[in-house]
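The values are calculated or read from the model by the stated rules, or taken from the named source; none is laboratory data. What you see is a predicted model, and the numbers here were worked out from it, not measured in a lab. We place every Cβ from the backbone using ideal geometry, glycine too, and count neighbours over all the protein chains shown.
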Amino acid sequence: MTGDPRPVVAVFRSPLFNPSETFVRAHIEGLRRYRALAVGLVAKGDEPMPRVLPAGGAERLALALLGRADALAARLRPEAPALVHAHFGTDGLLALPLAEALGVPLVTTLHGHEVSRTRTRLLLSGRLSWIRYALLKRRLIERGRLFLAVSEAVRRRALAAGYPAERTATHHSGVDTDFFRPSPAPPEPGLVLHVARLVEKKGTGDLIDAVARVEGARLVVIGDGPLRARLERRARALGAPVRFLGALPATEIVGWMNRAWLLAAPSVTARDGDSEGLPTVLCEAAAAGLPAVATRHSGIPEIVVDGETGLLSDEGDVDALARNISALLANPALRERMASKAGDRARSCFDLRERIARLEDHYDAITGRSGA
């Protein structure tokens, strides 16, 4: 127990945390009227924050396989959580017995993949949590108190997948607009930045093909993933000016954003149906004053306003993607105008403090508390 009088939110994510999931850390660190306690199955880093994990493998398997959370709930009970908030529908299903053992409501944020993949694809994935979700998600839909979709596009998919309209709301995530902000230093000519986990839905292969067609363009790729080796071979085969940097901390990412002329996020729907929710990096780049070249995919048009804060093309249209990159690189006035509007949009619609305040309003509503 601590001397902190704020009500506790048990923020559940089975791995604490995957490197690409900065939005979970931002959620935990950003709460003001509530206090977060991280809860998960395994630790993937030495995060300097309070957290609760299963005591051992047997307890972990009891929750992951059997949905038994009594032991974990017993360790959490002295903190008297007001609610449990899980990220991703798969983890919402895992956290449901924990919330019920504690006698508190469960909030689940839907990020996209859990409502874009078909039941068959989930069952064939070979991943235990996805298979369990495909078989048992009706429990979550019926017993979860509130579902927050990260974009309106994800909300529409969730409703189509059976989530209840009266308990499913759109809640855009936010970014730290003090940390991600424009730099007075001049950017490097022709530098195109791509920050992504290197998986199919990120469209990195299309981007390499497009950059190879644009004179004067140089691509820097930040991120890692299962497709990295294949993408590096593709860039070499095309003779494309691409530099792969691997995963980097946020302090270095914002530095690269300040050096770039634009951010590219040409997301596509993967063959297994996987798609984006609303890529956090687009909000971060907008706050840093970067115009975007992206695709009309899932929630992307909710952050990138075509012709105003960036340029959009259809998924998989490499020619259009190359034309949009070329148009922005060749027109400094257009870049500057879009950079300014992108920053304005990020600060007005995606500021982390405002988004956290709205999230805490949701918490107040389901716990019966009065907001400050």
Item checked: Subset of segment 284-341 [touching a His at 6+ places or on another chain (Cβ under 9 Å) and either crowded, with 24+ Cβ neighbours inside 10 Å or aromatic (F, W, Y) (or both)] -> G299, I303
Next item on the list: Among the numbered conditions (1) in contact (Cβ under 8 Å) with a residue 24 or more places away in the chain; (2) farther than 16 Å from L321 by Cβ; (3) not hydrophobic (A, V, I, L, M, F, W, C), tell me where D178 comes up short.
Entry: (1)
Note to self: Scan segment 297-310 and tell me whether some residue there is assigned to a helix (DSSP H, G or I) and among the polar types (S, T, N, Q).
What the structure shows: no
Checklist line | Exclusive hit being surrounded by fewer than 22 Cβ atoms within 10 Å (Cβ to Cβ), at pLDDT below 90 and assigned by TED's automatic domain parsing to the domain that holds Y363, set M1, M49 | finding: M49
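For segment 151-168, indicate whether the set of residues that are of a type in the set (A, V, I, L, M, F, W, C) and under 30 Å from V254 (Cβ atoms) is non-empty. Write out each step before concluding.
Residues of segment 151-168 of a type in the set (A, V, I, L, M, F, W, C): 153-154, 158-161, 165.
Retained after the next criterion (residues that are under 30 Å from V254 (Cβ atoms)): 153-154.
Scanning segment 151-168, I find at least one residue that is of a type in the set (A, V, I, L, M, F, W, C) and under 30 Å from V254 (Cβ atoms), so the answer is yes.
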Note to self: Checking A212 against (1) more than 17 Å from H297 (Cα to Cα); (2) in contact with a Gly (Cβ under 6 Å, 6 or more places away or on another chain): exactly one of these is not met. Which one?
What the structure shows: (2)
Note to self: When the residues of segment 69-89 are narrowed to those that are in contact (Cβ under 8 Å) with a residue 60 or more places away in the chain and part of a helix (DSSP H, G or I), which ends up surrounded by the fewest Cβ atoms within 10 Å (Cβ to Cβ)?
What the structure shows: P78
Checklist line | In segment 209-223, the residues that are surrounded by fewer than 23 Cβ atoms within 10 Å (Cβ to Cβ), touching a strand residue (DSSP E or B) at 6+ places or on another chain (Cβ under 8 Å) and either farther than 23 Å from A288 by Cβ or free of Cβ contacts under 8 Å to residues at least 60 places away in the same chain (or both) | finding: R218, V220, I222
Checklist line | Pairs with Cβ under 7 Å, 6+ apart, first in segment 18-31 and surrounded by fewer than 19 Cβ atoms within 10 Å (Cβ to Cβ), second among the basic types (K, R) and in a loop (DSSP other than H, G, I, E, B) | finding: N18/K44; S20/R197
Notebook entry, point to check: Which one of the conditions (1) assigned to a helix (DSSP H, G or I); (2) in contact with a Gly (Cβ under 9 Å, 6 or more places away or on another chain); (3) surrounded by fewer than 17 Cβ atoms within 10 Å (Cβ to Cβ) does D206 fail to meet, given that it meets all the rest?
Noted result: (3)
Next item on the list: Would you please list the contacts, defined by Cβ atoms under 9 Å and residues six or more apart or on different chains, that run from a residue in segment 302-329 that is farther than 19 Å from L282 by Cα and of a type in the set (V, I, T) to a residue that is modelled with pLDDT of 95 or more and buried (at least 22 other Cβ atoms within 10 Å of the Cβ)?
Entry: V318/L207; V318/A210; V318/P266
